[in-house]
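What follows is a single structure, written as structure tokens, with notes after it.
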Amino acid sequence: MSIKLLVFLPLIGAVLAGMLAFVDDRGDKVRKAKIFRMAQWLTCGPLVISAVLAVITFNDVAMNGNAVTIHLFDWFTSGDFKVDWALRVDSLTAVMMIVVTVVSAMVHIYSVGYMDHDPNVPRFMSYLSLFTFFMLMLITADNLVQMFFGWEGVGLASYLLIGFWYNKPSANAAAIKAFVVNRVGDFGFALGIFTVFMMFDSISFDVIFAAAPGMADKTINVFGAEFHAMTVACLLLFVGAMGKSAQLGLHTWLPDAMEGPTPVSALIHAATMVTAGVFMVARLSPLFEYSETALMVVTIVGGSTAIFAATVGCLQNDIKRVIAYSTCSQLGYMFFAAGVSAYSAGIFHLMTHGFFKALLFLGAGSVIHAMSDEQDMRKMGGIWKMIPVTYALMWIGSLALAGIWPFAGFYSKDIILEAAWAAGTGVGHYAFWMGIIAAFLTAFYSWRVIIMTFHGESRADERVLAHVHESPKVMLVPLMVLAAGALFAGYIGYESFVGHNTAEFWGASILVLDGHDALEAAHHVPAWVKYLPLVVGVGGIALAYVFYMFAPNLPGMLAERMQPVYQFVYNKWYFDELYDKIFVRPVFYLGRNLWKSGDGAVIDGVGPDGIAAATIGIAKRMARMQSGYVYHYAFSMLGGVVVLVTIYVLVGG
């Protein structure tokens, strides 16, 4: 019963708050305030209860090994094809439940203060809870169709949240972009589900996982050629993961999603939607383990994403966009961990990252709140004494992100890099070195944010500076809870997630075949591999101090001397421009021609418009005969008589 409540309480809160969005307040400010407060209680309360139940469930399922599958009802049946609706709760699900509900509960509470002056509070709170429900549906899925339901649900909710301020054209464009780019990935996911069903005649996890060893060598005919069936299925499924988790190529929606309110950024980019792809690969490890090619692709894409996003993050000026690219980079780490079969290390980083990244996003929101909605770091500086609590909490989040001991990121990021090296493969070493460079850049841009935002001479407008103030307690308390996770989650979870108790902790929820022992070998790598991430992290911090505190003119000088490189990185490797040229413009050109030439000229021109035009033309010609002169009508009658007589004579003859 507690698991059912955990999953469905956010849905109940979403429905009730959504109903309040339609209540007419008739311009009564007191009544409106009561409605807002009720919506906040109806969503925050259930989320806090769900978070508490998630902790209880985690202790029972993950710590005590009591995995359970709760059958709710038969969803649909078509011939021999039957899909159940069930809640699959094992160690992997329990970990995700903790992250999703705790982070979401903190975001809900934070939103009470952050969105206090917004005129659409009930709608916003309803969307947040709906998003959380769909994410819980995704992680508790017992089959691929149920997972796809949650998958599409978070896509829908993210569209609503990113475009929440729909009166802003930029927010509408960002929401549409996120929706369309994710549909590309989701199409691959759907094809992957079809392929799995064709191979196993089932989409139930228990059935396909049990049958996977026997299908390891099966081939499939695609476009007249034979391919390894498991590789085809896994690559198609991974395309879905790339879209949802913003991996290189399908990442372009992620930075634009910053158009949504800051709590949305924290919820989508910290622990929920963007981690869905990582969760999916870990959940489907019994399939991925039988395709070396698929694992290699996952590793290469993850390593490439980590370095790409880290370089771009170094030159962004919007505080939220820097953190967004940081998320993209950290997701790369999680994927290449999965690519070297260190799935548990990837989930470990997912968990710690959820806490410190949500902390950073909400901390950035606190800065934006203090700076009267200013997000450009070039217009900040010198405010650390005015918002000391936010400043201290941002330090904690940044230290965790940079992987500095003893913060959570140190434990989870290091074990991923060690596993990549320990894999002993070419792609593993590629991912390791990309991860090392990304770790250096991550520390650099994290302290670039700290220094540009809080230190030096203020570059803010005097009127803005005069109103800088610390955020209210309702915003700071969630930050403190997340800061506790950023401080202690790595140390507390290390032994269970990736240490000596790994096998007992994860049980059957993650499969790693014999020979894929990168995680075990990670504990025996050379000392330089263990210490190098920490060294480059400290080096990145030191370089940021040199560039932005001790020699602030240096970045500008380097940008001038390396203008082509600077422009390439500043413009995000020109992915948006490339896609615009290859996909967007041709589609618009095709659409415009089909509209003007095909639909307008041919279909409408020959069809309804053509018939109407012909009818009007004939009517106008007939109308010209109505002159109003009697002799014209008499002449017409005489002509008619002549015609009739002629016909009579000819027919009669």
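The values are calculated or read from the model by the stated rules, or taken from the named source; none is laboratory data. Predicted model only: the values in this text are computed from it and were never measured. Every residue, glycine among them, receives a Cβ derived from its backbone with ideal geometry; neighbour counts consider all protein chains shown. Side chains included, ligands, DNA and RNA excluded: accessible areas come from the protein's heavy atoms. Shrake-Rupley method; radii C 1.70, N 1.55, O 1.52, S 1.80 Å.
Relative contact order for the chain: what is it in percent, counting Cα pairs under 8 Å that are at least 6 residues apart?
Computed value for the chain: 12 percent relative contact order.
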Compute the length gained on full extension between residue 75 and residue 170: take 0.36 nm times their separation in residues and subtract their Cα-Cα distance, giving the result in nm to one decimal.
30.3 nm
Amide H partners (placed H, <5 Å) of residue 459, local residues excluded
380, 381
Scalar couplings 3J(HN,Hα) for the range 631-640 by Karplus 6.51 cos²θ - 1.76 cosθ + 1.60 (θ = phi - 60°), nearest whole Hz, x for Gly and Pro, are 5, 5, 5, 5, 4, 5, 5, 4, x, x
Bounding extents of the range 551-653 in its principal axis frame from Cα atoms, largest first in Å, are 111, 34, 16
Taking only Cα atoms of the range 424-472, what ratio of Rg to Rh do you get with Rh as the Kirkwood inverse-distance radius?
1.34
What is the ratio of the Cα radius of gyration of the range 265-381 to 2.2 N^0.38 Å, with N the residue count, to two decimals?
1.18
log10 I(q)/I(0) for the range 368-470, Debye formula on C-alpha points only (no solvent), q = 0.13, 0.19, 0.22 Å⁻¹, two decimals, reads -0.58, -0.88, -1.05
What order do 378, 183, 585, 561 take when sorted by accessible area (1.4 Å probe), most exposed first?
561, 585, 378, 183
In Å, what is the Rg of the alpha-carbon atoms in the range 494-550, and how long is Dmax?
17.5, 53
Computed over the Cα atoms of the range 82-150, the Rg and Dmax in Å are 14.6, 48
Listed by chain and number, the residues whose amide H is under 5 Å from that of residue 86, excluding neighbours fewer than 5 places away on the same chain and using placed H, are 72, 142
Express the carbon and sulfur contribution to the solvent-accessible surface of the chain as a percent, rounded to the nearest whole number, probe 1.4 angstrom.
68 percent
Over all directions, what mean area does the Cα convex hull of the range 287-351 project, stated in square nanometres?
4.3 nm²
Taking θ as phi - 60°, what are the ³J(HN,Hα) couplings along the range 608-616 by the Karplus curve (6.51, -1.76, 1.60), each to the nearest whole Hz, with x for Gly and Pro?
x, 5, x, 5, 4, 5, 5, 4, 5
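Contour minus end-to-end for residue 227 and residue 63, with contour as 0.36 nm per residue of separation and end-to-end as the Cα-Cα distance? Kindly include the intermediate steps, with their values, before the conclusion.
Details: separation 164, 0.36 × 164 = 59.04 nm, distance 4.11 nm.
Computed gain between residue 227 and residue 63 is 54.9 nm.
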Farthest toward positive dipole pole in the chain [+1 Lys/Arg, -1 Asp/Glu at C-beta], among 401, 377, 128
377
What trypsin sites (Lys or Arg not before Pro) does the range 1-107 have in DSSP loop regions with at most 13 other beta carbons within 10 Å?
26
Which residues qualify? For residue 219, with a placed amide H closer than 5 Å and at least 5 residues away or on another chain, they are 229
Quick check: net charge around residue 256, other residues with Cβ under 10 Å of its Cβ, Lys/Arg +1 and Asp/Glu -1?
0
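Before I look further, what does the chain give for accessible area per residue, probe 1.4 Å, in whole square angstrom?
43 Å²
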Over the chain, equivalent-ellipsoid semi-axes from the Cα gyration tensor in Å:
53, 34, 28
Work out from phi, with θ = phi - 60° and the Karplus expression 6.51 cos²θ - 1.76 cosθ + 1.60, the ³J(HN,Hα) of each residue of the range 339-355, listed in order in whole Hz, and give x for Gly and Pro.
x, 9, 6, 9, 4, 5, 5, x, 5, 4, 5, 4, 5, 5, 4, x, 6
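Out of every Cα-Cα pair in the range 481-590, what percent are more than 23 Å apart?
For the range 481-590, the share of Cα pairs beyond 23 Å comes to 65 percent.
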Please list, or write none, the aspartates and glutamates whose alpha carbon is within less than 14 Å of the alpha carbon of residue 596, excluding same-chain residues fewer than 8 places away.
604, 609
List the aspartates and glutamates whose alpha-carbon lies under 14 Å from that of residue 29, not counting same-chain residues fewer than 8 positions away?
116, 118
